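The values are calculated or read from the model by the stated rules, or taken from the named source; none is laboratory data. Values in this document were obtained by computation on a predicted structure and should not be read as measured data. Every residue, glycine as well, gets a Cβ built from its backbone with ideal geometry; the counts of neighbours run over all protein chains shown. Note: areas computed on protein heavy atoms with side chains; ligands, DNA, RNA excluded. Shrake-Rupley method; radii C 1.70, N 1.55, O 1.52, S 1.80 Å.
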Amino acid sequence: MPKLTVDGIEVEIEPGATVLQACEQAGSEIPRFCYHERLSIAGNCRMCLVEMEKAPKPIASCAMPAADGMNIFTNTALVKKAREGVMEFLLINHPLDCPICDQGGECDLQDQAMAYGGDRTRYAENKRAVEDKYMGPLVATVMTRCIQCTRCVRFITEVAGVTDLGLIGRGEDVEITTYLEQSMRSELSGNVIDLCPVGALTSKPYAFTARSWELNKTESVDVMDAVGSSIRVDSRGREVMRILPRLNEDVNEEWISDKTRFIWDGLRTQRLDTPYVRKDGKLHAATWAEAFAAIADKIKATKPERIGAIAGDLACAESMKALKDLMAALGSPNLDCRQDGAKIGYGPREGYLFNTTIAGIEDADAILLIGTNPRWEASLVNTRIRKRFVRGGVSIGAVGPHVDLTYDVDWLGAGPQTLSEIADGTHAFAKVLRGAKRPMLIVGMGALTREDGAAVLAAAAHIARDMGLAVAASGEQEEGWNGFNVLHTAAARVAGLDLGFMPGPKGRDVAGMIAGAEAGDMDVLYLLGADELPTSDLGKAFVIYQGSHGDQGAHRADVILPGAAYTEKSAIWVNTEGRVQLGERAIFPPGEAREDWTIVRALSDVLGLSLPYKNLTELRSVMRAAAPELGTVDYAPGGDNVSSVTWANIGIPGALSDAPFEYAVKNFYFTNPIARASKTMAECSALCLTGDVKPQAAE
């Protein structure tokens, strides 16, 4: 490997690394604006100039490949003068509006002007002004601040995989713009706000609301999908002000989806902040004692087999464990965490996990998508697949309706018939899977929520077994490879399956409970944040709804118990990989709302069935005893146990329907109660479904 000297320190670097990377490895800080380690090299800003021995002038370290024997200097008088000159040029047209700029306090230009710039300007001419651009409801623009670093253009093109942004003009007329004044249509567009180093692109919903130093910063986990992106929740008082990504190389790298980033205004609206009890057909505000008494009177008069519980997509592990224990104490076997009716959860844990892991996608050389649109169901999984595609050497096939996934896909068919052909080896893609060293398949909820979902899952497991998608660890291979993956869409799903929040012996699943309620065979239904149900089919059942928002479940409820949103409680979540993650409380719930497990625990006391834990520590101890896999935080099992997987136990073999697959997510921006309460998500949904909403001059 090449060896070079940086400020007298000899470093050894990977072949192909740049001088900038070598300098950082040696401990020397190099300022930059255009360079970003996850984007292609542009060499626009020239802020990273360093001195190289025998070179006639300073070199741009971001664009110069490091070579053996180089002697680099980063703190000489020449370098200092060069950086001051570059900074002076960058500030020639920059407006002096730091006091009103939303980037103030966390601006790269501010920081580097202080560290590397001069104390005065020699430019006396008029400053150039650039017209602001319309980029949709999420990104606000002040394009006069732009220094043309092109980070936003490179991100949208290379990572997001769309052509929404570009650079037009020449010389001082260069501008970043969208095409034909359209908005950005990518579900990842908000990441350009983080990438912009100068405040030219800022958050439109967050504009002029707070300064960074006013905010309390809390590390947490996203629950808008089952990826479990690492996020930081910034709050002021009792309000969430914004949500930003945290670095997590194994999950979301440093990106988050627009739904994750801009959902925060939905945390304030349509909130349930006091208990309600239905009297004479109308819901009336009540005390906790009145709500619990109404529930106790109904449950005590009902046989256990006529009571059921359904956990929604945003339920945390602690609340599901408490509710399961309460149902067990009541003697009811009717409980289910599969709100959408997915035919999963029977058999080994590997049968419902994303076993390859999200980071492991980068090692795959053949990928088969089955009934899934990862761009909407798990945006950060889709970026990993695109990242692998851009590198080359991978074949990607898909079974399902045609959609734009931002990378080239061989559309193999629309439904299970194609899956059968791959399973029996008659389809051409079967040869691709057999010839790959690390093949993988991804089964989506669109394939598993059907009537034949269990048979589809069994067919996928058959492909994994017969096509060599799983390889146990050996002497030559340090880690096992398991290419069988289930892509969940609900943040609560894997934890619910791990905890066994499933029908017991002779118990009813979701479909059975709904049918029973409609037929009059189910008298009490406990909905733990379950809003994606046909509540009009629940007949005369007594419905208890526990959740944070007044959505569909609350409208049908006979008793409402106000719970906490994900930013308002310390809770455990398990992502689609089986990675256990801890979300911390950023703010307190509004009004009389309480953390969900404490509500169930208090109700158990009223029912005379006190649960055996009084605090969160005791609950988690009981929870981990019941599900030991929840005891290891931030670890995805991957292919660890591939040699012990019994593929025949995954799914239930049976006849496959001729009906084509349908994707689980129909509207990316309206997948849960918090999203449906968000004004920002409503604007994005309208834009996505009906086109641009920007008014024209004549309107």
(request) Grab the beta carbon distance between Glu479 and Lys614, set R0 = 30 Å, and tell me the FRET efficiency rounded to 0.05. (result) 0.10
(request) Please give the net charge around Phe501, taking every other residue with its beta carbon less than 15 angstrom from that of Phe501, where Lys and Arg add +1 and Asp and Glu add -1. (result) -3
(request) Would you mind checking which residues have amide H under 5 Å from Ile256's amide H? H placed 1.01 Å from N; only 5 or more apart, or other chain. (result) none
(message) Counting just the Cα atoms, what span does segment 534-637 cover along each of its three principal axes? Round to the nearest Å and put the largest first.
(response) 43, 32, 29
(request) Run down the aspartates and glutamates and flag those whose C-alpha is under 14 Å from the C-alpha of Lys303, throwing out any fewer than 8 positions away in its chain. (result) Asp521, Asp523
(request) Rank-order 236-245, 52-61, 113-122 by packing density, defined as the average count of other C-beta atoms within 10 Å over each peptide's residues, highest first. (result) 236-245, 52-61, 113-122
(request) Report the full-extension gain for the segment Leu607 to Thr302: residue separation times 0.36 nm, less the Cα-Cα distance, to one decimal in nm. (result) 108.5 nm
(request) Identify the residues of segment 295-322 with backbone N under 20 Å of a label point that sits 7 angstrom from the Cα of Thr632 along the Cα-to-Cβ direction, or state none. (result) 317
(message) I want the local charge near Trp597. Using Cβ-Cβ distances under 12 Å, sum +1 for each Lys or Arg and -1 for each Asp or Glu among the other residues.
(response) +2
(message) Order 661-673, 74-86, 396-408 from most to least packed using the mean count of other Cβ atoms within 10 Å.
(response) 661-673, 396-408, 74-86
(message) Going through the cross-link list Lys259/Lys569; Lys54/Lys127; Lys300/Lys324, which pairs have a Cα-Cα distance over 26 Å in this structure?
(response) Lys54/Lys127
(request) For segment 486-546 and segment 639-654, compute the distance between their C-alpha centroids and round to whole Å. (result) 27
(request) For Asp521, put the label point 7 Å out on the Cα→Cβ axis and report which residues of segment 284-309 keep their amide N under 13 Å from it. (result) 305-307
(request) Take the Cβ-Cβ distance between Leu582 and Glu29 as r, set R0 to 45 Å, and report the resulting FRET efficiency rounded to the nearest 0.05. (result) 0.90
(request) Kindly report the accessible area of the chain per residue (heavy atoms of protein chains, probe 1.4 Å, no ligands, DNA or RNA), in Å². (result) 41
(request) Ignoring everything but the protein chains, give the 1.4 Å probe accessible area of Glu290 in square angstrom, nearest 10. (result) 90
(request) Using the charge dipole of segment 33-138 (Lys, Arg: +1 at Cβ; Asp, Glu: -1 at Cβ; taken about the Cα centre), state which of Gly104, Gly118, Ala82 has its Cα farthest towards the positive end. (result) Ala82
